[in-house]
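Reading through the structure tokens given below for one structure.
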Amino acid sequence: MADSAPHTNPPAGRDYSAYGFDSRAVHTGVDKDGQYRSATTPIYPTSTFVWDDVRTNRGYDYTRSANPTRRALEENIASLCGGVDCRVTCSGMAAVDLATMLLNSGDHLIAGRDIYGGTYRLLHDVLPTRGVRVSFVDLSDEEEVKAAVTENTRALWIETPSNPLMNVHDVRALVALAKDRGLFTIADNTFLSPALQRPIEMGVDVEVHSTTKYINGHSDVIAGAVVTGSEEYAKGIAFACNACGLGGSPFDCWLTLRGVKTLGVRMQKHEENAHKVAQFLQDHPAVERVYYPGLSHHPGHELAKSQQDGFGAMISFETAGDAKFAQDTLTGTKLVMLAESLGGIESLWQYPWLMSHASMSEEARRAGGITEHLIRLSIGIEDADDLIADIGGALEAASANA
Ligand SMILES: *Cc1c(COP(=O)(O)O)cnc(C)c1O
């Protein structure tokens, strides 16, 4: 997309870049009230801003272009991801879409085969209508990635760990391969959040988030973010976000700013719980197989240790028995809710076979390792003992039913 308009950013807040992750999460971008100095960022639910004269405004003119509450959140997320800039969007898919706008008609994109379903749909069904061709490969197979590169290839789309089997892809190796071939890289970091993985520090050019998940963390907002690692990409993203009107609402941004301040402590508790639940599932006779990179037998365990600051709180597992057993288990809990989505403080589980991955053909689901026995869990911040009792009770009830 061509950039014909001048690109300016509104005034930045105080610089907290010398501080640690949790201090930056609490403070960056927050001090936006010069008039009354409120300790939290006010919501500015306004579409437009009054000018002092025809040449002068106070840094904001129209909320589609920029809004002080949204800008506060953008500064915060950019800082946590180690980026130069951020644009907050009205959904995670709007963020995915925005990142793809760096591509032009005639360009070719390479993406992993095991990416988020909504991203797959956009890349597979929408991008070709804009003249962008997409190839889907196994990102863990370097030869396959190399073989997919053509003279029109511009970018590589990385998602790790992948959904729902938690495959871990080597971000540094993929960035090196991309740089070698003159491609730029986009990484969807939703599953870990910047608290546990920072792709831009590993050389990724553009980082995408569904902030609906861990960054907001309270399951009460749909939103997204695109963070850029250099000015080169920041300009194009800022231009397209305004041109296409993808920015998030001030109210959603205000809620997300409230959520992001506790990201660090939430991720610690999410992960602590996930380890305990994964271990419990691993030892349970009604469970065949557990996919969690934090378990030492997981094929991505060592790689995850080398590129992540933690293993996260997403677990998938296969139950023993038939499909009915898995389905019965899913309705047997009192705390864990049967629902799609992830990354909230409450534990959720779902059934990829009929829920998140139902739009894939049966053949594609089986090829991707998605079976009628597979359950995907997003571990919340409840008491681990309660979660284990709840899940154990559901497995036992389903066994009694079998
Ligand atoms: C949820 C999700 C998205 C899409 O985000 P929405 O906020 O639902 O639009 C994109 N990527 C990943 C990895 C996700 O989990």
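The values are calculated or read from the model by the stated rules, or taken from the named source; none is laboratory data. Worth saying up front: this structure is predicted, and the values here are computed from it rather than measured. Here the Cβ positions follow ideal geometry from the backbone for every residue, glycine too, while neighbour counts run over all protein chains shown.
Key figures for this structure:
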quantity	calculated
Which numbered condition Glu362 misses (of (1) modelled with pLDDT of 95 or more; (2) surrounded by fewer than 18 Cβ atoms within 10 Å (Cβ to Cβ); (3) not small (Gly, Ala, Ser))	(1)
Any hit, the range 366-381, residues being more than 20 Å from Ala286 (Cα to Cα), surrounded by fewer than 21 Cβ atoms within 10 Å (Cβ to Cβ) and either of a type in the set (Lys, Arg) or over 22 Å from the mean Cα position of the chain (by Cα) (or both)	yes
Tally, over the range 321-347, of residues that are under 18 Å from Val277 (Cβ atoms) and without any contact (Cβ under 8 Å) to a residue 40 or more places away in the chain	3
Elements of type strands (runs of 3 or more DSSP E) contained in the range 148-228, each with 2 or more residues being within 11 Å of the ligand (Cβ to nearest atom), out of contact with any His (no Cβ under 8 Å at 6 or more places or on another chain) and modelled with pLDDT of 95 or more	206-210
Only listed residue being buried (at least 17 other Cβ atoms within 10 Å of the Cβ) and either more than 25 Å from Ile370 (Cβ to Cβ) or near the ligand (Cβ under 9 Å from one of its atoms) (or both), chosen from Tyr116, Tyr120	Tyr116
Some residue of the range 259-281 being of a type in the set (Lys, Arg), more than 16 Å from the ligand (Cβ to nearest atom) and either outside any helix (DSSP H, G or I) or at pLDDT below 95 (or both)	yes
Qualifying positions in the range 125-154 - among the polar types (S, T, N, Q) and surrounded by fewer than 17 Cβ atoms within 10 Å (Cβ to Cβ)	Thr129, Thr150, Asn152
Which listed residue, of Ile315, Ile381, Ile370, is over 22 Å from Leu263 (Cα atoms) and among the β-branched types (Val, Ile, Thr)	Ile370
Members of the range 237-249 found to be in a helix (DSSP H, G or I) and crowded, with 20+ Cβ neighbours inside 10 Å, listed by number	Ile237, Ala238, Ala240, Cys241
